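Everything on this sheet refers to the single structure shown next.
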Amino acid sequence: MRTPTGDLSDGPAADLGRDQPVFGPELGEFEHSERRAAKAEEDGEMKTGTTTVGIKADDGVVMATDMRASLGGMVSSKDVQKVEEIHPRGALTIAGSVSAAQNLISTLRAETSLYEARRGKDMSMEALSTLTGNLLRSGAFFVVQPILGGVDDEGAHIYSIDALGGTTEEEYTVTGSGSQYALGVLEQEYDDEVTIDEAKTIAAKAIQSAVERDLASGNGINVAVVTDDGVDITRYKEFDDLL
């Protein structure tokens with residue numbers, strides 16, 4: 001084999017191994033994603049602020065959110081739906097950037113529809129949680145912290161998914177700026193045998209607690225109930241309708 005005579009220490013070959021992640025870039029990874037996220041902060045991008053809650057019940061899941069969106073220190077909308085159906089038996093709450101969250105929801109709906117068309121069956125919740133985490137990990141959806149909930153052949157599932165794609169299955173979880181207030185209520189009220197109706201009441205109490213203390217949460221509550229029969233989303237302007 002011929003021995004190279006030139007100095008490759010400063011050439012393209014050296015650059016290939018310089019400051020490169022061993023397992024990167026990941027599929028779908030976007031360059032300069034951190035820079036784009038910082039620019040969105042400077043431009044005053046609309047965000048949901050928010051409090052979102054997910055609770056696993058005996059025969060399904062209950063997910064609830066407030067209805068306020070903010071733009072800096074201003075309330076930009078009082079009627080935002082922050083929980084959406086993305087699967088015949090699955091829903092996703094959103095906290096963070098509104099534009100990124102809307103794009104994420106559209107992408108997940110398309111992927112679940114394609115999966116069903118190709119395989120003739122619905123995607124499992126575990127597969128859907130993995131897909132959601134992979135999409136967030138790509139850097140294309142700054143900054144969103146969703147809760148995924150749904151029902152499949154193995155039962156009911158609630159997944160907490162952080163903004164970088166980390167995924168954890170939970171009995172109950174919260175996201176958003178009002179998380180600490182809502183979580184205290186869940187810790188006190190939740191038990192392993194909670195029913196759908198009881199879970200709706202607990203979720204409403206948790207969101208109400210956050211709304212009373214968190215300036216970025218308010219203006220009503222969206223409640224999604226996911227069972228084997230599908231996804232039902234109801235909007236309430238008054239908490240008394242649920243308590």
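The values are calculated or read from the model by the stated rules, or taken from the named source; none is laboratory data. The structure displayed is predicted, hence computed values, not measured ones. In this analysis, Cβ positions are derived from the backbone assuming ideal geometry, glycine residues included, and neighbour counts consider all displayed protein chains. Please note that ligands, DNA and RNA were not included when accessible areas were found on the heavy atoms of the full protein model with its side chains. Shrake-Rupley method; radii C 1.70, N 1.55, O 1.52, S 1.80 Å.
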For the residue pair Asp59 and Gln180, what label-to-label distance in nm results when each label sits 7 Å from Cα along the Cα-to-beta-carbon direction? 3.9
Coarse-grained scattering of the range 157-243 at q = 0.22, 0.23 Å⁻¹, given as base-10 log I(q)/I(0) from a Debye sum over alpha-carbon atoms: -1.28, -1.36
Along the Cα-to-C-beta direction of Glu154, a point sits 7 Å from the Cα; which residues of the range 198-234 have their amide N less than 20 Å from that point? 226-230
Roughly what would the spin-label model give for Arg213 and Phe239, points 7 Å off Cα along C-beta, in nm? 1.2
Give, as ranges by residue number, the residues of the range 135-153 whose backbone N falls under 18 Å from the point 7 Å along Cα→Cβ of Ser113. none
For q = 0.13, 0.17, 0.19 Å⁻¹, what log10 I(q)/I(0) does the range 96-243 give under the Debye formula with an equal point scatterer on each alpha carbon and no solvent? -0.65, -1.11, -1.35
Could you let me know the centre-to-centre spacing of the range 193-219 and the range 47-71, using Cα atoms, in angstrom? 8
Surrounding charge for Gly218, neighbours by C-beta under 10 angstrom, Lys/Arg +1, Asp/Glu -1, total -1
Cα-based Rg then Dmax for the range 52-179, in Å, read 14.1, 47
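What Kirkwood hydrodynamic radius do you get for the range 182-224 when you take the inverse of the mean 1/r over all pairs of distinct Cα atoms, in Å?
Numbers: mean 1/r = 0.0921 Å⁻¹.
When all Cα pairs of the range 182-224 are included, the Kirkwood radius is 10.9 Å.
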Note to self: with every protein chain in place and a 1.4 Å probe, the range 51-191 gives an accessible area per residue in Å² of 41
